[in-house]
Amino acid sequence: MKIEVDKLSKWYGQVIGVNNCTFTLKPGVTGFLGPNGAGKTTILRLLTGQLKPSKGSVTIEGEPVWNNHRLFRAIGYCPEHDAFWQYLTGWDFVYSLMRMHGYSKGESAARAERAIGTVDMMSDRSKRIGSYSKGMRQRIKLAQAIAHDPQVLFLDEPLNGMDPVGRRMAIDLIKQMGGEGRTVVVSSHILHEVEEMTDTILLLNHGRLLAEGNIYEIRRLIDTHPLQVTVQCEEIDVLMSKLVAYDDVQSVQFDRQRNRLTVETIRPDEFFDRLPDIVLENKIHVESLWSPDENLEAVFDYLVR
């Protein structure tokens, strides 16, 4: 289902939550990326009909979302913040929401069972939600979001608090649902998690849309700025002597006490393609490698500038 957002704004008195955003969402997985306070949750609440726009419009298949109850059956929503009846079991929670959707007792039970099994919570379905860990709560929220088989799915920080096994399950499920032709929107402040699900993203900050499209195209925008890469190894002198020979390397700094080398490169793709060969040929034992620039805050800093 196609979602169209046209000049969408939402303000609370003098505070602007969303500022004149226009974009289109098509079937598949789209990532909403932004730091905390970027406006991701506010936009999701506008897209799901929980908030009325101050200005602009949101439509799904040409129908306005606000106050349109016919559309709600087609929408699944997994909120960032918990809103549970703590005394209910996980099964009772999902079953009750299916009854509220209007399904019969038998159909509600079947849908609850299927969704809980999909998120791998069958062994804990009879426990009270009040006893669940954060990761278990995230899974049961995901179960209720998919139990009515929605064509549009909005997930607000769905991986928050999940263990590695839960994250892998959720990522695979999200990719599967997008591959089935559903319109899936995932909001997150963690770039690499969204990269595992999709290469289509919208970058948000202070309620504004900074960039949208293919994640690799947006990365190329970022790559016009030098990228810092830090390598920790004992052979920092050898590594430095090899790296400075390349013209894409603008500077090299090292910290001998920590055995760390920080490189600034203007062509990151070439740098990362070359580095494994240098390490292997010179028998360099790399303890760790990371980029302080390759995080969402740095991405936004570059785009804003």
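With a 1.4 Å probe and all protein chains left in place, how much of the accessible area of the chain comes from carbon and sulfur atoms, in whole percent? Before the final figure, lay out the partial values.
Values: 7290 of 15140 Å².
For the chain, the apolar C and S fraction of the accessible surface comes to 48 percent.
Over the chain, what is the relative contact order in percent, taking alpha-carbon pairs closer than 8 angstrom and at least six residues apart? Could you put the intermediate results ahead of the total?
Details: 564 pairs, mean separation 60.4, N = 305.
It comes to 20 percent, rounded to a whole number.
Over region 90-137, average the accessible area per residue using a 1.4 Å probe and give it in Å², no decimals. Intermediate results must be reported in sequence, preceding the final value.
Values: 2440 Å² over 48 residues.
Spelled out: the 1.4 Å probe surface of region 90-137, per residue, equals 51 Å².
So with the 1.4 Å probe, I'd like the accessible area per residue for region 175-291, rounded to whole Å².
Details: 6340 Å² over 117 residues.
For region 175-291, the solvent-accessible area averages 54 Å² per residue.
Label-to-label distance, residue 134 versus residue 83, with points set 7 angstrom from Cα along the beta-carbon direction: 2.1 nm. With 31 Å as the limit on Cα-Cα distance, the pairs of 2/141; 26/141; 105/141; 40/175; 52/127; 2/127 that go past it are 52/127; 2/127. Principal axis analysis of the Cα atoms in region 1-105 yields extents of 43, 30, 27 Å, listed in decreasing size.
Select one label from (i) 130; (ii) 164; (iii) 146: the one whose number is volume of the Cα convex hull per residue in Å³ as derived from the coordinates shown. For volume of the Cα convex hull per residue in Å³, the calculated option is (ii).
The calculated 222 nm mean residue ellipticity attributable to helices in the chain amounts to -11000 deg cm²/dmol, summing -39500 (n - 2.57) over DSSP H runs of n ≥ 4 and dividing by all residues. Accessible surface for region 1-76, divided over its residues, is 49 Å² per residue with a 1.4 Å probe.
So if R0 is 30 Å, what FRET efficiency would residue 238 and residue 192 give, r being the distance between their Cβ atoms, rounded to the nearest 0.05?
Details: r = 29 Å, r/R0 = 0.98.
It comes to 0.55.
Annotation: extensible slack from residue 256 through residue 24 equals 78.5 nm (criterion: 0.36 nm per residue apart, minus Cα-Cα distance). The calculated FRET efficiency for residue 61 paired with residue 291, based on their beta-carbon distance and R0 = 41 Å, is about 0.50. Straight-line cross-link reach from residue 242 at under 16 Å between alpha-carbon atoms covers these lysines, not counting any fewer than eight positions away in the same chain: 283.
The values are calculated or read from the model by the stated rules, or taken from the named source; none is laboratory data. Here the structure is a predicted model, which is why all the values come from computation and not from measurement. In this analysis, Cβ positions are derived from the backbone assuming ideal geometry, glycine residues included, and neighbour counts consider all displayed protein chains. Ligands, DNA and RNA are stripped out before the accessible areas are found, and what is left, the full protein with its side chains, is counted by its heavy atoms. Shrake-Rupley method; radii C 1.70, N 1.55, O 1.52, S 1.80 Å.
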